[in-house]
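Take a look at the structure set out below.
The values are calculated or read from the model by the stated rules, or taken from the named source; none is laboratory data. The model shown is predicted, which means the values in this text are computed figures rather than measured ones. A quick note on method: Cβ atoms are made from the backbone with ideal geometry, for glycine too, and the neighbour counts reach across all protein chains shown. All accessible areas refer to the heavy atoms of the entire protein, side chains included, with ligands and DNA or RNA removed. Shrake-Rupley method; radii C 1.70, N 1.55, O 1.52, S 1.80 Å.
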Amino acid sequence: MATDDWPPFRISEGDTFIGLDLDLMDEVARRTEAELRIAKMPWGRALTEMQGGGVDVMTGLAFRPDRAEYIAYTDTPYFRCTTAFYTIKGQADKIRSYEDLAPYQVGYVLHSAYFERFDKDRSLDKVGVAQEQILIDMLMKKRFGIMIGTDCQVDYLIKRQGFADKIEKAPYNPGNSVDLYLGVSKKSGWAAKLDELNRVIKELVDEGFIDKIAEDYYGTHS
């Protein structure tokens, strides 16, 4: 499994990882009688390794047609988030529609899929960085006016770091669902076991296993 930091899903602690995705994959490995080995690397490199078959699986993947050319996605998403825009407190009310983004620099994470209009929009002044944490740091330093993020990850970081009274969500919300999937490299031997992985992921969702482990990190999540 290739991964990087993406709290609370993947949290690095020295040479090891904890987090919701690790709890999930430990259980997937147990039910499929597999050995789980973690390879830490930047997100963009992880996708490249998936393309070449250098790693078997990734978690936290939003579906994108270009990725589906080399990644086999499980049928059932294991978690659902949505996209949100964030500003320094007191500025969010200015962003009430997509068009209101135009005057601002918008920070985003490179290689991330948010929603189609934003992903393909070349007219916006976008600033790409490696991780959500960098986005938050740059927003707090007013390096740009707005950042985009996946709420299930950014809300967690903002709360944990004590920025809930300093950063706020904009009223504009694209209303999309960001479904998170387990993906398998089509060049991996595990691609032939996709049906088994589909069965296990669906079982874990239906059993409430994901909701239960989410409570360990969020308290509650709906």
**Prompt:** Before we move on, is Arg117 in a loop (DSSP other than H, G, I, E, B), surrounded by fewer than 16 Cβ atoms within 10 Å (Cβ to Cβ) and not hydrophobic (A, V, I, L, M, F, W, C)?
**Reply:** no
**Request:** Answer yes if at least one residue in region 204-213 is in contact (Cβ under 8 Å) with a residue 60 or more places away in the chain and open to solvent by 40 Å² or more (accessible area, probe 1.4 Å), and no otherwise.
**Result:** yes
**Asked** Pick from Val178, Val184, Val200: which is closer than 30 Å to Leu101 by Cα, of a type in the set (Val, Ile, Thr) and either open to solvent by less than 40 Å² (accessible area, probe 1.4 Å) or not assigned by the TED database to the domain that holds Asp21 (or both)?
**Response** Val178
**Positions within region 87-114 being open to solvent by 100 Å² or more (accessible area, probe 1.4 Å) and in a loop (DSSP other than H, G, I, E, B), in sequence order** = Lys89, Arg96, Pro103, His111
**Message:** Give me the residue from region 10-43 that is small (Gly, Ala, Ser) and open to solvent by less than 50 Å² (accessible area, probe 1.4 Å) and, out of that set, farthest from Ile210 (Cα to Cα).
**Reply:** Ala39
**Request:** Any residue in region 59-74 that's open to solvent by 20 Å² or more (accessible area, probe 1.4 Å): show its pairings with residues that are of a type in the set (Lys, Arg) at Cβ separation under 9 Å, as long as the two are six or more apart or on different chains.
**Result:** Glu69/Lys186; Tyr70/Lys186; Tyr70/Lys187; Tyr73/Arg67
**Message:** Show the residue pairs meeting these rules: Cβ distance below 7 Å; 6+ apart or different chains; first residue within region 31-51 and closer than 20 Å to Gly19 by Cα and aromatic (Phe, Trp, Tyr); second residue open to solvent by 40 Å² or more (accessible area, probe 1.4 Å) and part of a loop (DSSP other than H, G, I, E, B).
**Reply:** Trp43/His111
**Message:** Can you confirm whether Pro7 is closer than 20 Å to Asp211 by Cβ and either assigned by the TED database to the domain that holds Phe209 or out of contact with any Phe, Trp or Tyr (no Cβ under 8 Å at 6 or more places or on another chain) (or both)?
**Reply:** yes
**Message:** Return the residues of region 143-165 that are over 20 Å from Ala62 (Cα atoms), in contact (Cβ under 8 Å) with a residue 40 or more places away in the chain and out of contact with any strand residue (DSSP E or B) (no Cβ under 7 Å at 6 or more places or on another chain); say none if nothing qualifies.
**Reply:** Arg160, Asp165
